[in-house]
Amino acid sequence: MINKDELQNIVKKYNFELTDSQLEKFDTYAQTLVEWNEKINLTAITEPTDICVKHFFDSLLLLDAIDIPQNSTMIDVGTGAGFPSVPCKIVRDDIQLTLLDSLNKRINFLSELSKNLGIYTTCIHSRAEDGGKQKNLREQFDFATARAVAHLRELSEYCLPFVKVGGYFVALKGYEIEEELEEAKKAIKLLGGQIVDVKKYEEENKRSIIIIKKISQTPPKYPRMSAKIKKQPIK
């Protein structure tokens, strides 16, 4: 479905060299995504080149933004169709990946996708605020990630509870992020995080990647219920 040479050339911008097996997996990913998208709403992006640029390459920027040690644990919160973490897993199969989403139909897609790709993932049907309270998930991961439109302030409350002290929350956000960063600083600090870097990418997508280190435990009262997070954000 995708032009594999085109994808290889796109990712070479950041020194990624995909094997034939990895290129085949990305092709299978695109096909599975488009097939399932006819049944459930996964993405508005369905043209092969757009999938390569706006989904696959955009997701792989995570691996450029931060060094992920071998066999690290990662949770993708509100993962949707598996972005950004599944493309990273294709390139770095050693990552121990957990995919969390609130919609069971998407979890069914992710389970079949993982099977089709021949990768091992743990797929969990749960709201982020519920998952962040569970003992087997809370502060258990080296990395949490999300590619979401939610404000960084609220996103941090959903994601930081999953990260162990010393780990990182890596958020893929829009390019113009300065105002949002300022508004989120208090929440990030309260939740046990510290902004350590912001990487900006002037590609077609124009992406900022915010790297937040977990320096202390998240207070037990967080995350709150979704309605409260929205109505009474931490300010």
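Bear in mind these aren't lab numbers, they're just calculated from the coordinates by the rules spelled out. What you see is a predicted model; the values in this text were computed from it and never measured. Please note: Cβ atoms are built from the backbone with ideal geometry, for glycine as well, and neighbour counts cover all protein chains shown.
Tabulated values for the structure
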{"item": "Failed criterion for Gly82 (all others in (1) surrounded by fewer than 23 Cβ atoms within 10 Å (Cβ to Cβ); (2) on the phi > 0 side of the Ramachandran plot hold)", "result": "(1)"}
{"item": "Near pairs, Cβ below 6 angstrom, 6+ apart or cross-chain, from the stretch 113-129 (among the basic types (Lys, Arg)) to any residue that is not in a helix (DSSP H, G or I)", "result": "Arg127/Ser102"}
{"item": "Single condition Ile95 does not satisfy, out of (1) in contact with a strand residue (DSSP E or B) (Cβ under 6 Å, 6 or more places away or on another chain); (2) in contact (Cβ under 8 Å) with a residue 40 or more places away in the chain; (3) among the hydrophobic types (A, V, I, L, M, F, W, C)", "result": "(2)"}
{"item": "Qualifying residue in the stretch 199-213 (condition: in a loop (DSSP other than H, G, I, E, B), in contact with a Gly (Cβ under 9 Å, 6 or more places away or on another chain) and among the small types (Gly, Ala, Ser))", "result": "no"}
{"item": "Residue match in the stretch 168-176 (condition: among the small types (Gly, Ala, Ser), over 13 Å from Gly132 (Cα atoms), more than 17 Å from the chain's Cα centre (by Cα) and surrounded by fewer than 18 Cβ atoms within 10 Å (Cβ to Cβ))", "result": "no"}
{"item": "First in the stretch 139-162 and closer than 11 Å to Leu191 by Cβ, second anywhere and among the acidic types (Asp, Glu) and surrounded by fewer than 24 Cβ atoms within 10 Å (Cβ to Cβ), Cβ under 6 Å, 6 or more apart", "result": "Arg153/Glu183"}
{"item": "Scope the stretch 110-123; condition hydrophobic (A, V, I, L, M, F, W, C) and surrounded by fewer than 19 Cβ atoms within 10 Å (Cβ to Cβ); matching residues", "result": "Ile119"}
{"item": "Matching residues, the stretch 21-62, being closer than 13 Å to Lys4 by Cβ, free of Cβ contacts under 8 Å to residues at least 40 places away in the same chain and among the charged types (D, E, K, R)", "result": "Glu24, Asp27"}
{"item": "Test result for Lys25, among the basic types (Lys, Arg), touching a helix residue (DSSP H, G or I) at 6+ places or on another chain (Cβ under 8 Å) and surrounded by 19 or more Cβ atoms within 10 Å (Cβ to Cβ)", "result": "yes"}
{"item": "Answer from Lys221, Lys228 - the residue that is assigned to a loop (DSSP other than H, G, I, E, B) and either surrounded by fewer than 15 Cβ atoms within 10 Å (Cβ to Cβ) or over 21 Å from the mean Cα position of the chain (by Cα) (or both)", "result": "Lys221"}
